[in-house]
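The values are calculated or read from the model by the stated rules, or taken from the named source; none is laboratory data. Since we're looking at a predicted model, the values are computed, not measured. Cβ: placed from backbone, ideal geometry, glycine included. Neighbour counts: every protein chain shown.
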Amino acid sequence: MVRLIEPQHHLGLDDYEVFTHLSTAVRDLQREARTLGPLFEGRRVWMVNSTAHGGGVAELLPPMVTLMSELGLDTRWLVLDTDDDEFFRLTKRLHNLVQGQGDPTLGDAERELYEKVNRQTADEIAEYLSPGDVLVIHDPQPMAAGAFLRQTHDVVAIWRCHIGLDEQTPETEAAWQFLCTYAEPYDHAVFSAPEYIPDCLSRKSTIIHPAIDPLSHKNRELDVHKLVGILSAAELVEPTHPTPGAEFSAPARRFQRDGTWEPATQPEDFGLLFRPIVTQISRWDRLKGYVPLLNGFAELKAGLPGDLDDDDLPQRILDLTRLVLAGPDPDSIQDDPEAQEVLGEICDAYLKLPAELQDDIAIISIPMASPKENALIVNALHRCSDIVVQNSLREGFGLTATEAMWKRLATVGTRAAGLRQQIRDGLNGYLIRDPEAPGDVADVLRMLLGDQKRREALGHSAQQRVHNDFLIFTQIRRWLELIADTVN
Ligand code: UDP
C-alpha cells in the first residue's frame, strides 16, 4: 500500500555551489540550515504522495528529499502503492473538483472508499514513524491518512496542497466539504497561492511556491551534440550519425493517422531541428487545454495567404511552423485514470483536421520507464522549441512553464491563477486571454512567431524571474523554516 522510494537524485549541494549564479543561494541555505539544525535532531520528515513518476509533485520531491537530508534534516519519500482503480478515479474527481470541474455529488459511498484506502495507508505509514517525526502529505489522495496518524501518533502533520482555484464554485465547495473533514488534526497547510486556501485551513496556512532544480536532467543546459543525441536516441529525429550505445530503452511514439503509435520519426522525420516549433508538454488532462490548443493552431494556420502582413509574420514562417503536443505514455501513470481517455479525445480532434494540417502536428507519447530518459526528452523537446505553450484552463502552478522559462524560451500561459503568478504578461512571457478561444490562442502565437527579438527578450526576463523566485533553494529554505516553526 505504501512504498519507500529511493529518490534518483545524484547531486549534492557542492554540485550547485560551483556555479557562480547559484552559489549565493546555496550558501544562504546552508547558513539557515545550520541555525535551525538543533530543532531537527532526532526527527525524520516523511513526504507522502500518490505517484513516483509523472506530474509536478513527483518532479519536486527527489531534489527536496536529497538536499534536505544533506542539510541535516533526514527526509524520506513514501508513495501510495494501491492498484485500487476505483480509489484513483475518486481522487481524480476530487482533484478536478478542487479546480472547479466535474460532478459535485459526493456521498457516503465515496467517503467510505476514500477512508478505507486511507486507513490502510495510515496503518502502513505508521510502521515507519518514530515519535517527533514530521509528516508532509501531498495533495488530496493521502490527506485523510495524515489526519488519522496525527490523531493517533506523536507526530507533526503538514498538508501540502498543490492545486486550487481562485474562485468558489459549487464544484470547489463540494470538494472542500469532503476534504475539510480531515483538516482539523493538521498542524499546518501549504498552498501555492493565497486564493486557493479554503476557509477550514485559513488560520494555519502558508504559501510556498513550487520550484525547479536547475541542474536536473530536465533543466540542465544541453549542448548541441547532446541535444541531437537525445532526440536521435528517442527516435524523435532521424539519426544522422548513429552513436553506438546511445539508444534509449524505448522510443518516443507519434500518433499515426491509422490510429497506431509508431516511433516519432514515422512516417517521416517531423523536422524538430529545422522548423519553428510550438510545443506543449503536460499530462493528458482536459484542464491542460490540449484540444483548444489544437484548434488555436488550426486557426493560426488558416490565416489565408495575403491576410498576413509580411512585417507581421512572413507567410513562409507560418507555413513551416509545426506544433508538438507531448505527454507521458498513459499506460505508465497509475494515479491518473483519465489520461488514456483524454489522449483519445485529443487524437480524435487531430483526426478531424485537414490532412495537410495533420502533417504539421505531432502528438507524442513519451516513455516513462526511465525517469532520466523521460526528463532528457522533455528537456530536448523544450530546447528545440521556439515557443512553449501551457494552455491550461486551470493550473495550480505550472512547473512546465517554469521549466520553459528557465530555458530562456518564449513561454505562453493563460490567465489560470497559477500561471498568472509565474508569467508577467508581456514582460517575461504572454498570457492567452481565453484558452478556449482559438482566435486568442492564434493571436499570441502569430505575434510571437513573427518577432524573434521579442522572443529572445522575453526568454531572458523569464530566466531571471525563475532565478529569483522559483529555484529549489528558496523552496527548501521555506520548508526548513516552516518545519522548524511547526515542531517548535
Ligand atoms: N512531465 C514529464 N513528462 C511528460 C509530461 C510532463 O516529465 O511527459 C513533467 C513536466 O516536465 C513537469 C511536470 O511533469 O515537471 C508537470 O508539472 P505541472 O506543475 O506543470 O503540472 P501537473 O502535472 O502537476 O498538473
Original post:
For the range 407-419, what are the residues that are away from the ligand (no atom under 11 Å from the Cβ) and farther than 15 Å from residue 163 by Cβ?
Top reply: 407, 408, 409, 410, 411, 412, 414, 415
**OP:** State all residues of the range 126-165 that are of a type in the set (Asp, Glu) and within 16 Å of the ligand (Cβ to nearest atom); if no residue qualifies, say none.
**Re:** 139
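Each row is one residue, and each column tells you yes or no for (1) farther than 30 Å from residue 167 by Cα; (2) in contact with a Pro (Cβ under 6 Å, 6 or more places away or on another chain); (3) assigned to a loop (DSSP other than H, G, I, E, B).
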residue	(1), (2), (3)
395	no, no, yes
430	no, no, no
457	yes, no, no
460	yes, no, no
468	no, no, no
Subject >> residue 121 being in contact (Cβ under 8 Å) with a residue 12 or more places away in the chain and within 27 Å of residue 368 (Cα to Cα) >> reply: yes
**OP:** Test residue 233 against the criterion of being surrounded by 15 or more Cβ atoms within 10 Å (Cβ to Cβ), small (Gly, Ala, Ser) and closer than 30 Å to residue 107 by Cβ, and give yes or no.
**Re:** no
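Residue by residue, here is whether (1) under 23 Å from the mean Cα position of the chain (by Cα); (2) surrounded by fewer than 18 Cβ atoms within 10 Å (Cβ to Cβ) holds:
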position	(1), (2)
14	no, yes
27	no, yes
43	no, no
48	yes, no
68	yes, no
73	no, no
93	yes, no
104	no, yes
Original post:
When you scan the range 200-223, how many residues do you find that are out of contact with any helix residue (DSSP H, G or I) (no Cβ under 7 Å at 6 or more places or on another chain) and closer than 29 Å to residue 133 by Cβ?
Top reply: 5
Subject >> Among (1) at pLDDT 95 or above; (2) within 30 Å of residue 80 (Cα to Cα); (3) crowded, with 22+ Cβ neighbours inside 10 Å - the single one residue 342 does not satisfy >> reply: (3)
Subject >> Which numbered condition residue 401 fails, given (1) within 16 Å of the ligand (Cβ to nearest atom); (2) touching a residue at least 60 places away in the same chain (Cβ under 8 Å) >> reply: (2)
**OP:** Output the number of the condition that residue 210 fails; it satisfies all remaining conditions of (1) crowded, with 23+ Cβ neighbours inside 10 Å; (2) not in a strand (DSSP E or B).
**Re:** (1)
**OP:** Would you mind telling me which numbered condition in (1) assigned to a loop (DSSP other than H, G, I, E, B); (2) under 30 Å from residue 162 (Cα atoms); (3) in contact (Cβ under 8 Å) with a residue 60 or more places away in the chain residue 221 fails?
**Re:** (3)
Original post:
Among the candidates 183, 211, 189, which residue alone is more than 16 Å from the ligand (Cβ to nearest atom) and in contact with a Phe, Trp or Tyr (Cβ under 7 Å, 6 or more places away or on another chain)?
Top reply: 189
Subject >> Top-ranked residue of the range 246-272 - restricted to ones that are touching an Asp or Glu at 6+ places or on another chain (Cβ under 6 Å) and in a loop (DSSP other than H, G, I, E, B), ranked as nearest to residue 342 (Cα to Cα) >> reply: 256
**OP:** Search the range 251-279 for residues being under 19 Å from residue 235 (Cβ atoms) and within 21 Å of the chain's Cα centre (by Cα), and hand back the single one that is nearest to the ligand (Cβ to nearest atom).
**Re:** 252
Subject >> The lone exception for residue 435 - which of (1) away from the ligand (no atom under 14 Å from the Cβ); (2) in a helix (DSSP H, G or I); (3) crowded, with 19+ Cβ neighbours inside 10 Å; (4) not small (Gly, Ala, Ser) it fails >> reply: (2)
Original post:
Given (1) in a helix (DSSP H, G or I); (2) under 15 Å from residue 48 (Cα atoms), where does residue 227 come up short, assuming only one miss?
Top reply: (2)
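Taking only the range 397-428 into account, find how many residues are within 21 Å of residue 97 (Cα to Cα), in a helix (DSSP H, G or I) and within 14 Å of the chain's Cα centre (by Cα).
Selection size over the range 397-428: 3.
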**OP:** Return the pairs, sorted by first residue and then second, in which the second residue is surrounded by fewer than 18 Cβ atoms within 10 Å (Cβ to Cβ) and of a type in the set (Val, Ile, Thr), the first residue lies in the range 435-457 and is touching a residue at least 24 places away in the same chain (Cβ under 8 Å), the beta carbons are less than 9 Å apart, and the residues are 6+ apart or on different chains.
**Re:** 449/317; 450/317
Subject >> the range 178-207 residues that are more than 23 Å from residue 92 (Cα to Cα), paired with ones that are of a type in the set (Val, Ile, Thr) and assigned to a helix (DSSP H, G or I) (beta carbon under 6 Å, 6 or more apart) >> reply: 187/486; 188/486
